[in-house]
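The values are calculated or read from the model by the stated rules, or taken from the named source; none is laboratory data. Bear in mind the structure is a predicted one, so any value in this text is a computation, not a measurement. Glycine gets a Cβ as well: all are built from the backbone with ideal geometry, and neighbour counts include every protein chain shown.
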Amino acid sequence: MTTDPYTGGVDAPFSVPFVHRLRFTHDIFGADQQVLADLLECADGQPARVQFWADSNVVEAHPDLRTKVQQFCAQRSSHVERVGNLQVVPGGEEIKNEIHILERMLKIFNVSNLDRRSYVVVIGGGAVLDAVGFAVAIAHRGLRLVRLPTTTLSQDDSGIGVKNGVNLFHKKNWLGAFAAPWAVINDATLLATVSDRDFVSGFSEAVKVSLLKDPKLFAELCKNAKHIGQRDMAVALPVIRRSAELHLDHITQGGDPFEMLEARPLDYGHWSAHKLEAMSEFRLRHGEAVAMGVAIDTVYSSLAHDLPEAVADQVIQCLLDLGFGLQCPELQQTETLLDGLEEFRQHLGGRLTLTMLNHVGDPFDIHEVDRQHMCAAIDRVASLSKQAKENDGNCQTT
Ligand SMILES: NC(=O)c1ccc[n+]([C@@H]2O[C@H](COP(=O)([O-])OP(=O)(O)OC[C@H]3O[C@@H](n4cnc5c(N)ncnc54)[C@H](O)[C@@H]3O)[C@@H](O)[C@H]2O)c1
Ligand SMILES: [Zn+2]
């Protein structure tokens, strides 16, 4: 028996309480501005120090944004101190691919003397939120981040998450950090200027989460897909809200917000999506690649597992009705695409774990992929979408 008072060890589990603040508004710099103001806490009787950052394309599409931000702060100067002018960063995947932009952001935080109680309010698409969010997560080991997502994808999925990061070594999100945002505000007005392509793009994540968790939402998406694709906000906004809530619920109640466990259901369809994005040199939007990835894993679920073929057809039809083409030349490069399986495994660590479907709302995990069935699934998605395009062309010419 040892009497050494030094050797040995202790396992001490601990948990940290987080609050995820998610708000939905219609005009955040107009009638609803108090929603933002209420989220910015004064510290020790001093006004909250707030720096605003925005996606260049959002600034271009909303020329009055700069003035609105200034007015917002000026009208409540005892409560909010605006730190510098609105900082504009390149919109789209470019910000995640240019590593030196990260250093520039950190330099601005430094010269602005931001500290852990300061707020960075970032207004932009998912790419800008990811990159600015990462800079915020590592500066002083974390400032307070308020996200104002401006695309459907960032409102119904990415903006709600706790992941921040940029691309490195030609790999998606290779450099990043888990960090919960201080708050997220989904504002309908900010969506008005997003391009049609980006508007549609975000709904692949809503289809994804509905297949995993909510058969009723999936039925709603199938029924209203064409209207959503035509930007009918009366049907699109409730879908965005429901999808955001499902993502929030998964993060806050799913028991694994920082993805320590094997199962990664929200990454359904993402092993191929991430690879397709990189293979296309980021010509494909994340949401477009996810639409193809969801289609591939759904068809695979029907070929290699128990998902009824009719359900797989319904999923593809829903994606096509939303306006996804589900086609790109990279789908023909099957071998390179399948390398995405190993890259996905490496990103997560441990053994390969993919989510597949038994039925809508009934996901399960697999650890091995039958390559023959996967190749067949990829071919089937490519040929079904080609067929749909031809049919569409015929309809238009007759
Ligand atoms: N962190 C996560 O959990 C998570 C989850 C899913 C996706 N993502 C990431 O999100 C990114 C994709 O985000 P996205 O689909 O929002 O695309 P995006 O950020 O690339 O935006 C698409 C384009 O629209 C522009 N834009 C954005 N909002 C606009 C507006 N209101 N008006 C006019 N133009 C506007 C952008 O500048 C860009 O050019 C990818 O990098 C993806 O990896 C992250
Ligand atoms: Zn995604």
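Just a few scattered comments:
- Residue count for segment 320-334, restricted to those that are surrounded by 18 or more Cβ atoms within 10 Å (Cβ to Cβ) and assigned to a helix (DSSP H, G or I): 5
- Enumerated helices (runs of 4 or more DSSP H) restricted to segment 200-257, each holding at least 3 residues that are farther than 13 Å from D321 by Cβ and small (G, A, S): 233-253
- Among the residues of segment 68-83, the ones that are surrounded by 13 or more Cβ atoms within 10 Å (Cβ to Cβ) and over 26 Å from the mean Cα position of the chain (by Cα) come to 11 in all.
- Condition check for L65: away from ligand 1 (no atom under 16 Å from the Cβ), among the aliphatic types (A, V, I, L, M) and touching a residue at least 24 places away in the same chain (Cβ under 8 Å): no
- Hey, A291 under 22 Å from K223 (Cβ atoms) and over 24 Å from the mean Cα position of the chain (by Cα) or not: no
- Residue, nearest to the chain's Cα centre (by Cα), within segment 210-251, restricted to residues that are crowded, with 19+ Cβ neighbours inside 10 Å and among the polar types (S, T, N, Q): S243
- Residues in segment 145-169 that are in contact with a Lys or Arg (Cβ under 7 Å, 6 or more places away or on another chain) and modelled with pLDDT of 95 or more: G159, V166.
- Selection status of L322, farther than 22 Å from G165 by Cα, within 16 Å of ligand 2 (Cβ to nearest atom) and in contact with a helix residue (DSSP H, G or I) (Cβ under 8 Å, 6 or more places away or on another chain): yes
- Qualifying residue in segment 123-137 (condition: assigned to a strand (DSSP E or B) and modelled with pLDDT of 95 or more): yes
- Qualifying residue in segment 97-117 (condition: more than 14 Å from the chain's Cα centre (by Cα) and at positive phi): yes
- Of all residues making up segment 117-148, the number that are within 16 Å of ligand 2 (Cβ to nearest atom) and touching a Leu at 6+ places or on another chain (Cβ under 6 Å): 3
- Single residue of L217, L212, L190 found to be assigned by TED's automatic domain parsing to the domain that holds V121 and either out of contact with any helix residue (DSSP H, G or I) (no Cβ under 9 Å at 6 or more places or on another chain) or of a type in the set (A, V, I, L, M, F, W, C) (or both): L190
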